[in-house]
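A.B. asks: Below is a structure I'd like to ask you about.
The values are calculated or read from the model by the stated rules, or taken from the named source; none is laboratory data. None of the values given here were measured: they were computed from a predicted structure. Cβ atoms come from the backbone with ideal geometry, glycine included; neighbour counts cover every protein chain shown.
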Amino acid sequence: MPQALEDLLSQQGKPVPKPIAGKALMDTGASITAVDDSIITSLGVQPVGVTTVHTPSGSAQQNQYPARFNFPGSGLPQLNVHQTIGSILRPQGIIALIGRDALSNVVLVYNGPGGFITLAL
């Protein structure tokens, strides 16, 4: 849930949904970040737009949502993404796909021989 929506719900005295934990895939080949549509709508987040996405399966229209990601225990700060797309991701075992729009806020180093990545601000 984006911070602005959480703040609005709090000001109105409405309950703020708890964050939803799950696995995310960092995808340097994806230009935009995606969140499983069923998860983001379950939080009450309304679409802020529609965009056309191009995948190997073809083109499709998908809703855009604001979103906020937290990485507990990692030392990384929260990451706000203004136009995340809603996609069907749960069948792949993930709830989010973090694309280059979000990764542009960090330094990502992939160490192939070591088999690990490093993220830093």
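A.B. asks: For the range 1-39, which residues satisfy the criterion of being surrounded by 14 or more Cβ atoms within 10 Å (Cβ to Cβ), β-branched (V, I, T) and within 29 Å of F116 (Cα to Cα)?
C.D. replies: I20, I32, T33, V35, I39
A.B. asks: Working carefully through the options Q92, Q61, Q83, find the one that is under 21 Å from L5 (Cα atoms) and not acidic (D, E).
C.D. replies: Within the list Q92, Q61, Q83, the selection yields Q83.
A.B. asks: Kindly indicate whether any position in the range 91-112 is loosely packed, with under 12 Cβ neighbours inside 10 Å, touching a helix residue (DSSP H, G or I) at 6+ places or on another chain (Cβ under 8 Å) and not aromatic (F, W, Y).
C.D. replies: no
A.B. asks: Of all residues in the range 47-75, count the ones that are surrounded by 11 or more Cβ atoms within 10 Å (Cβ to Cβ) and polar (S, T, N, Q).
C.D. replies: 5
A.B. asks: Go through A96, A102, A67 for me and flag whichever is within 11 Å of the chain's Cα centre (by Cα), at pLDDT 85 or above, farther than 15 Å from A30 by Cα and among the small types (G, A, S).
C.D. replies: Checking each option against the conditions leaves just A67.
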